[in-house]
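Step one of this worksheet: look at the structure below.
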Amino acid sequence: MHGVKQAMKRVLLVDIGATNTRLAIGWEEGKPVLSGLIQVRTPSSGEALVDLIVEYAGERKGFSIVSIASIGPLDLGKGWILETPNKEIGPYPIVEALQGKLGVPVFLLNDCQAAVWGEYVYGRYRGTRNMVYITLSSGVGAGAIVDGRLLMGRKGNAHEVGHFVVDYKSEAKCGCGGHGHWEAYVGGKNIPRNVKELIEGYSGARTSFYHRLVEGSFTVEELFHQSFIGDPAAKYVVDRIVRVTAAGLSSVIAAYDPEIIVLGGTVFHKGLSRFLNEIINYLEFYSLNKNVFLTVSSYPGREPIIGALAAGIYSVT
């Protein structure tokens, strides 16, 4: 079903996100086990990130490898985090820096590639040979299993679906600087900055939340909650986000031909998941392939770190 199990017991796990970084010690006892899990704000430099990991490692013993799931883009051949659009970390040689300080092998993988590998090894639908994981979080990304193999790409970046163009006429700006990207509409950091475009064309009641939308004085979680309880302006904006998500998923289906798409990430778990049926209905309209199963991730909020464990214990090739 999956790769060759490595001769090791405990793995130091690192999940580097645009907002938060999680660290834990993990091992397998028939299922994934995490110990000492902490979450901190992601440092704003590669050096500070390495210092954080080394400090955590110094308080734990017995691990024989470090496995990192990180936001991208990456250069896996060199072990570098490159210029990440949603957080200023790279370019930075994180693998070399950590190996020099900790004296153990360091494995680096994109966070979404790790997440889909974790679903493939440990998830509810483990062993599904054609599977895509999508994170809807600070940004939008994907990891894909194609014919039972993890899709990597030239430098390990064969997954940047958040930069699919879903509206070539759009002025909505993505964190990478491009316009009309899926991530520009759905990424947690982009929704507030592009809300004026998302609400364009709205002609309904000017509710108190409508004015907060126009002013940009809202959280993404509030937006989904207000839509769920019936605020018409929030419903209009969320419907556009839902439609864009369905359009992006349609492109994912066309690109990877999966049996299953697994959805995760903070934007999804904290709001968009309430509208899963609406996403499925729009997907029927947009997609050529009508037989793809959409499901919620097996480890909500822990997808990349569980994937880092799977990558640390089982080879991905």
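Among the conditions (1) modelled with pLDDT of 95 or more; (2) under 18 Å from residue 131 (Cα atoms), the only one that residue 255 does not satisfy is (1).
In the list 314, 299, which residue meets the criterion of being crowded, with 18+ Cβ neighbours inside 10 Å and modelled with pLDDT under 95?
On the way: 299 fails: modelled with pLDDT under 95.
Checking each option against the conditions leaves just 314.
Residue count for the stretch 147-168 under the criterion of being aromatic (Phe, Trp, Tyr) and either touching a residue at least 24 places away in the same chain (Cβ under 8 Å) or not in a loop (DSSP other than H, G, I, E, B) (or both): the result is 1. Within the stretch 148-178, restricting attention to residues that are under 16 Å from residue 262 (Cα atoms) and aliphatic (A, V, I, L, M), the residue that is surrounded by the most Cβ atoms within 10 Å (Cβ to Cβ) is 161. Residues in the stretch 284-317 that are under 20 Å from the mean Cα position of the chain (by Cα) and assigned to a helix (DSSP H, G or I): 303, 304, 305, 306, 307, 308, 309, 310, 311, 312. On inspection, residue 49 fails the criterion of being touching a strand residue (DSSP E or B) at 6+ places or on another chain (Cβ under 6 Å), modelled with pLDDT of 90 or more, surrounded by 15 or more Cβ atoms within 10 Å (Cβ to Cβ) and not aromatic (Phe, Trp, Tyr). Among the residues of the stretch 207-252, just one is buried (at least 23 other Cβ atoms within 10 Å of the Cβ), polar (S, T, N, Q), without any contact (Cβ under 8 Å) to a residue 60 or more places away in the chain and within 25 Å of residue 141 (Cα to Cα), namely 227. The set of residues in the stretch 122-147 that are surrounded by fewer than 24 Cβ atoms within 10 Å (Cβ to Cβ) and within 17 Å of residue 160 (Cβ to Cβ) contains only 146.
In this entry, residue 151 is excluded by the filter for residues that are out of contact with any Cys (no Cβ under 9 Å at 6 or more places or on another chain) and either farther than 27 Å from residue 289 by Cα or β-branched (Val, Ile, Thr) (or both).
Regarding residue 26, is this residue buried (at least 21 other Cβ atoms within 10 Å of the Cβ) and within 19 Å of the chain's Cα centre (by Cα)?
No: the conditions fail for residue 26.
Selection over the stretch 261-274 of residues that are touching a residue at least 40 places away in the same chain (Cβ under 8 Å) and over 17 Å from residue 18 (Cα atoms) gives a count of 6. The set of residues in the stretch 88-121 being buried (at least 22 other Cβ atoms within 10 Å of the Cβ) and assigned to a loop (DSSP other than H, G, I, E, B) consists of 89 alone.
The values are calculated or read from the model by the stated rules, or taken from the named source; none is laboratory data. Computed from a prediction, not measured in an experiment: that's the story for all the values here. All Cβ positions, glycine included, derive from the backbone under ideal geometry; neighbour counts span all protein chains shown.
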